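What follows is a set of notes on a single structure, which appears directly below.
The values are calculated or read from the model by the stated rules, or taken from the named source; none is laboratory data. All figures in this text were calculated on a predicted structure; none of them were measured in a lab. Neighbour counts are summed over all protein chains in view; Cβ atoms, including those assigned to glycine, are modelled from backbone coordinates with ideal geometry. Only protein heavy atoms, including side chains, enter the accessible area calculation; ligands, DNA and RNA are left aside. Shrake-Rupley method; radii C 1.70, N 1.55, O 1.52, S 1.80 Å.
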Amino acid sequence: MKIYLATGNMNKKREMVQILRGHQIVVPKDEGIQFDPIENGTTFYENSIIKAKSLYEIVQQPVIADDSGISVDALDGLPGIYSARYGGPNFHQGKPDGQKTPQEDQNRFLIQELNDALSTGKIDSKKFQNGPRSAHYTCAMVLYLGHDRVYVAQDTMEGTLVEKIEDARGNGGFGYDPLFFLPQFGKTAAELSADQKNAISHRGKATRALVALINSLELEKENKI
């Protein structure tokens, strides 16, 4: 099946190609489509719907869209849906001029902001799944087959943040992966192989839920022929 992926992020395309083997994955840039919807939702789900619907209205073919980000428990879930735009403690929702903060700076800001919050001694970390440095990635993924045929899967990947920026490790993955430590592996997400990461990641789990649906829809289509 040819599936459009509603993103300009080639790292996401690479991951989806690995997960959705057997399907043709196309991003708007591949076909010269101008695509830059305004993501003004208040949840990962709302933003994924915005992107999926916007691209579907252009291509009129199956679309997958996701919205994902990292949430730090001690920071009340920040940066969350603003992960891509996060600009540090003074710009949680991004800089007013819309300029993206380099990922290296985002990583440094996030570690420093967490360390500053924990240093106050006011954080009750007992309620967090993985202690004071608990964090998780979230992915909300939408398969959009038409205005009345919309399917959604959402999942997480749980872990912690490293203690200092010097502890960031790994060349794989992208975004905040070098900071995101997975106790069960003793590695950051950026140190995992692509197959290891896809097996446990928020995006991998959400995608597999939709893959099962896609396969059932294709089987249903074949049986009707």
Subject >> Degrees between helix 103-119 axis and first principal axis of the chain (Cα, 0 to 90, nearest 10) >> reply: 50
Original post:
How much length is gained on full extension from Q18 to T156, taking 0.36 nm per residue of separation minus their Cα-Cα distance?
Top reply: 47.8 nm
Original post:
Roughly how many Å is it from the Cα centre of the range 160-187 to that of the range 18-58, as a whole number?
Top reply: 27
Original post:
Using a 1.4 Å probe on the protein chains only, how many percent of the accessible area of the range 41-136 belongs to carbon and sulfur?
Top reply: 48
**OP:** Using a Förster distance of 22 angstrom, determine the FRET efficiency expected from the C-beta separation of I200 and Q103, and round it to 0.05.
**Re:** 0.50
Original post:
Hey, any idea what % of the range 145-225's accessible area is carbon plus sulfur with a 1.4 Å probe?
Top reply: 50
Subject >> Karplus 3J(HN,Hα) series, Hz, for the range 135-142 with 6.51 cos²θ - 1.76 cosθ + 1.60 (x for Gly, Pro) >> reply: 8, 8, 8, 10, 10, 9, 10, 10
Original post:
If all Cα-Cα distances of the range 1-42 are sorted into 5 Å bins from 0 onward, what percent lands in each bin, rounded to whole numbers?
Top reply: 6, 22, 29, 21, 14, 7, 1
Subject >> For the range 1-101, projected area of the alpha-carbon convex hull averaged over all directions, nm² >> reply: 7.2
Original post:
With contacts defined as alpha carbon pairs under 8 Å and 6 or more residues apart, what's the relative contact order of the range 83-206 in percent?
Top reply: 19
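If you place +1 on the Cβ of every Lys and Arg, -1 on the Cβ of every Asp and Glu, and leave all else neutral, what size is the dipole of the range 98-225 about its Cα centre, to the nearest 20 Debye?
220
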Original post:
Points 7 angstrom from Cα along the Cβ direction at T120 and K95: gap in nanometres?
Top reply: 2.6
Original post:
At a Förster radius of 30 Å, what calculated FRET efficiency corresponds to the Cβ-Cβ distance of R169 and Q129, to the nearest 0.05?
Top reply: 0.85
Original post:
For labels at D148 and I58 in the simple 7 Å Cα→Cβ model, what's the distance in nm?
Top reply: 2.7
Subject >> Heavy-atom accessible area per residue - the range 92-141, 1.4 Å, Å² >> reply: 59
Original post:
Taking Cα atoms, how many degrees apart are the long axis of helix 44-59 and the longest axis of the chain, rounded to 10 and kept between 0 and 90?
Top reply: 30
**OP:** Would you check the accessible area of T42, probe 1.4 Å, heavy atoms only, in square angstrom rounded to 10?
**Re:** 100
Original post:
In the range 107-162, which trypsin sites (Lys or Arg not before Pro) fall in coil by DSSP and have 15 or fewer other Cβ atoms within 10 Å?
Top reply: K122
Original post:
Does a label point 7 Å from the Cα of M10, set along Cα-to-beta-carbon, have any residues of the range 159-180 with amide nitrogen under 17 Å, and which are they?
Top reply: 172-175
**OP:** Kindly express, to the nearest 10 degrees and within the range 0 to 90, the angle between helix 202-224's C-alpha long axis and the longest C-alpha principal axis of the chain.
**Re:** 10
